[in-house]
Amino acid sequence: MAILVTGGAGYIGCHTCLELLDAGYDVIVIDNFSNSHPESLRRVMEITGKKLTVYSLDLLDKKSLETVFQQNQIEAVIHFAGLKAVGESVLFPLSYYQTNILSTVNLCEMMKRYDVKHFVFSSSATVYGIPEQVPICEKASLRANNPYGRTKRMIEEILRDLFQSDPNWSIALLRYFNPIGAHESGKIGENPKEIPNNLMPYITQVAIGKLQVLSIYGNDYPTRDGTGIRDYIHVVDLAKGHVKALEKMMTTTGVETYNLGTGKGYSVLELVAAFEKVSGLKIPYKIVERRPGDIAASFADVSKAKRELGWVASKGIEEMCRDAWKWQTQNPYGYESRKEQ
Ligand code: WQD
């Protein structure tokens with residue numbers, strides 16, 4: 001029996017495939033490589049010494065998707081595949097609704113047809129929108145304020161309806177906070193296609209000289225130093241959280257949401273300072289206008305995942321910075337080799 005991982009070549013996906021292989025699972029990957037690189041999977045196999053079965057296909061292609069279920073004994077699915085850039089979702093909402101929602105409906109229809117009813121879904125803390133209070137608990141109201149966050153919230157509702165129609169399903173909705181860092185080997189990591197939207201890859205590209213200066217989006221937030229506070233979580237801790245959620249879903253039925261964060265918040269300036277300490281480099285920055293849609297502070301109440309999954313993030317902010325920097329220095333062009341640049 002195997003675990004199907006959609007979007008398995010992506011940043012969180014490939015780290016989760018690695019943890020699944022290390023935990024002794026057989027792993028099948030589906031990826032359309034629209035925002036990922038097959039090299040990440042080759043390196044996962046190199047690091048673990050184990051094999052992955054990889055299908056290059058799009059979840060919107062039902063015919064191809066069915067062959068995966070026909071050719072493999074799938075026990076459970078971890079679903080990462082989807083578009084995930086907030087700013088892009090504001091510009092192209094229809095492609096976000098089509099890609100994120102329709103592909104999930106296709107996947108669930110195929111799972112139902114082949115009686116595969118253990119499901120771990122990659123949701124996001126973005127579903128909370130501007131939180132009423134921090135730390136944020138799973139019961140907080142969902143006020144997603146962009147199309148990307150709304151696709152995640154809608155998919156959570158679709159999955160709850162699915163369970164209502166058939167109580168044999170077991171579904172974990174994992175709400176990630178801010179994943180950063182990389183596997184300790186430095187062989188896999190965050191590989192943004194263009195100029196990074198997210199803070200940590202932007203910092204590492206400034207540090208390596210690909211970008212000149214970090215723009216800090218506002219220092220007039222009601223926070224301890226005026227810059228935005230987020231709950232940064234090491235991607236390896238996040239990946240391990242998926243294995244724990246999978247194991248829980250294999251032993252129960254129902255739909256449960258879990259915050260996957262550290263429960264600690266760091267400001268932009270604090271993350272920059274931690275990175276400077278770890279790398280020994282100075283990160284030049286300038287304070288600019290707030291980024292539309294940004295919130296002042298977001299960090300998780302992680303007690304439910306600890307209680308019900310037996311999972312706690314263990315890696316601290318300096319280890320996150322060190323591993324992000326090791327990946328960047330070992331892979332200045334990401335998974336592309338220099339000649340492909
Ligand atoms: C973090 C902080 C910025 C870049 C996003 C998505 C979320 C999730 C994680 C998918 C904020 C500041 C950033 C920069 C900056 N992705 N910043 N200069 O916005 O919390 O979350 O990524 O699920 O859905 O919304 O992460 O890394 O973009 O920003 O000052 O160049 O860094 O204002 O305070 P964010 P981020």
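Among the residues of the stretch 247-258, are any out of contact with any strand residue (DSSP E or B) (no Cβ under 6 Å at 6 or more places or on another chain), within 15 Å of the ligand (Cβ to nearest atom), under 22 Å from residue 18 (Cα atoms) and in a strand (DSSP E or B)? No. Restricting attention to the stretch 130-154, the residues that are more than 22 Å from residue 291 (Cβ to Cβ) and in a loop (DSSP other than H, G, I, E, B) add up to 7.
Kindly evaluate residue 268 against the criterion of being outside the structural domain of residue 22 (by TED's automatic domain parsing) and surrounded by 20 or more Cβ atoms within 10 Å (Cβ to Cβ).
yes
The sole residue among 147, 179 that is in contact with a Pro (Cβ under 7 Å, 6 or more places away or on another chain) and within 12 Å of the ligand (Cβ to nearest atom) is 147. With over 24 Å from residue 131 (Cβ atoms), away from the ligand (no atom under 13 Å from the Cβ) and touching a helix residue (DSSP H, G or I) at 6+ places or on another chain (Cβ under 9 Å) as the only criterion, which of 241, 189 stands out? Unique residue meeting the criteria: 189.
Against the test of being of a type in the set (A, V, I, L, M, F, W, C) and in the same structural domain as residue 119 (by TED's automatic domain parsing), the options 320, 250 yield a single qualifying residue, 250. Quick one: which residue in 68, 90, 29 is within 21 Å of residue 238 (Cβ to Cβ) and among the β-branched types (Val, Ile, Thr)? Unique residue meeting the criteria: 29. Just checking, does the stretch 50-60 include any residue being within 16 Å of the ligand (Cβ to nearest atom) and polar (S, T, N, Q)? So far as the stretch 50-60 goes, no, none of its residues is within 16 Å of the ligand (Cβ to nearest atom) and polar (S, T, N, Q).
Among the residues of the stretch 45-56, are any part of a loop (DSSP other than H, G, I, E, B), of a type in the set (Asp, Glu) and touching a residue at least 24 places away in the same chain (Cβ under 8 Å)? No, that holds for no residue. Within the stretch 193-238, being of a type outside the set (Ser, Thr, Tyr), within 22 Å of residue 9 (Cβ to Cβ) and either buried (at least 22 other Cβ atoms within 10 Å of the Cβ) or away from the ligand (no atom under 11 Å from the Cβ) (or both) holds for 193, 194, 200, 201, 233, 234, 235, 236, 237, 238.
Restricting to the stretch 128-183, what's the tally of residues that are small (Gly, Ala, Ser) and touching an Asp or Glu at 6+ places or on another chain (Cβ under 7 Å)? Let's see the steps before the verdict.
As a first pass, look at the stretch 128-183 and keep what is small (Gly, Ala, Ser): 129, 140-141, 144, 149, 165, 170, 172, 181-182.
Remaining after also requiring touching an Asp or Glu at 6+ places or on another chain (Cβ under 7 Å): 140-141, 172, 181-182.
Residues in the stretch 128-183 being small (Gly, Ala, Ser) and touching an Asp or Glu at 6+ places or on another chain (Cβ under 7 Å): 5 in total.
Pairs meeting the criteria (first residue in the stretch 119-146 and in contact (Cβ under 8 Å) with a residue 40 or more places away in the chain and aromatic (Phe, Trp, Tyr), second residue more than 10 Å from the ligand (Cβ to nearest atom) and in a loop (DSSP other than H, G, I, E, B), beta carbons under 7 Å, at least 6 apart or on different chains) are 119/169; 128/140; 128/142; 128/143. Among the residues making up the stretch 155-193, those that are of a type in the set (S, T, N, Q) and in a loop (DSSP other than H, G, I, E, B) are 168, 185, 191.
Residues in the stretch 284-334 that are near the ligand (Cβ under 10 Å from one of its atoms), surrounded by 14 or more Cβ atoms within 10 Å (Cβ to Cβ) and farther than 21 Å from residue 134 by Cβ: 2 in all. Considering only residues in the stretch 72-102 that are in a strand (DSSP E or B) and surrounded by 21 or more Cβ atoms within 10 Å (Cβ to Cβ), the one that is nearest to the ligand (Cβ to nearest atom) turns out to be 79.
The values are calculated or read from the model by the stated rules, or taken from the named source; none is laboratory data. Predicted model, so just to flag it, every value in this text is computed and none were measured. Here Cβ is always computed from backbone atoms with ideal geometry, including for glycine, and neighbour counts include all displayed protein chains.
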